[in-house]
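The next block holds one structure in the form of structure tokens; read it before the comments.
The values are calculated or read from the model by the stated rules, or taken from the named source; none is laboratory data. Because the structure is a prediction, the values reported are computed rather than measured. Quick reminder, even Gly has a Cβ in these numbers, built from the backbone with ideal geometry, and neighbours come from all protein chains shown.
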Amino acid sequence: MAMFGPVVASMGYELVAVEIAGGSGNAIMRVYIDSPEGISVDDCAEVSYQVSGLLDVEDPLRGKYTLEVSSPGLDRPLVSLDHFKQFIGERMKIRCTEPVLGRKRFTGNLDSIEGETLIMAVDNEIYEIPLEIIEKANLAIELN
């Protein structure tokens with residue numbers, strides 16, 4: 001939600017993503033924040049306090065909801081073009097709203113970006129994935 005960006009930025013954090021899961025009356029709003037120094041529990045509590053105040057004033061969700069503020073974690077969500085640019089060369093999972101060469105799910109390395117199209121190597125094939133059809137994207141954790 002765009003309304004959180006200025007508040008989170010003024011506190012010295014990056015607003016990575018906001019997700020809303022569940023329905024009216026039992027929704028969960030997840031706010032992911034980051035900073036170059038990493039995120040502590042105290043950072044999450046501080047942002048939660050500020051975002052809660054904003055939610056009380058703006059009231060964008062009807063009914064009850066739970067607010068969760070956390071770091072993006074190892075499998076960090078990738079939402080904006082800047083996020084993808086930051087992780088060129090990294091392994092990621094992407095789910096699209098429409099197929100690209102017959103598939104909607106991709107796990108592979110992001111080779112490059114041309115305009116707003118991701119160039120990704122998956123299963124020894126190169127795919128060009130337009131940013132506008134990406135439904136969900138996360139870094140893929142590699143466990144050794």
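Miscellaneous remarks
- Any hit, region 94-107, residues being outside any helix (DSSP H, G or I) and on the phi > 0 side of the Ramachandran plot: yes
- Here Asp75 clears all of (1) at negative phi; (2) loosely packed, with under 11 Cβ neighbours inside 10 Å; (3) not in a strand (DSSP E or B) except the condition numbered (2).
- Just one of the numbered conditions (1) closer than 26 Å to Ala21 by Cα; (2) at pLDDT below 95 is not true of Val122: (1).
- Residues (closer than 21 Å to Glu19 by Cα and in a strand (DSSP E or B)) located in region 125-144: Ile134, Glu135, Lys136, Ala137, Asn138, Leu139
- Residue match in region 57-65 (condition: acidic (Asp, Glu), exposed (fewer than 11 other Cβ atoms within 10 Å of the Cβ) and modelled with pLDDT of 95 or more): no
- Qualifying residue in region 10-26 (condition: part of a helix (DSSP H, G or I), of a type outside the set (D, E, K, R) and either free of Cβ contacts under 8 Å to residues at least 40 places away in the same chain or under 27 Å from Leu131 (Cβ atoms) (or both)): yes
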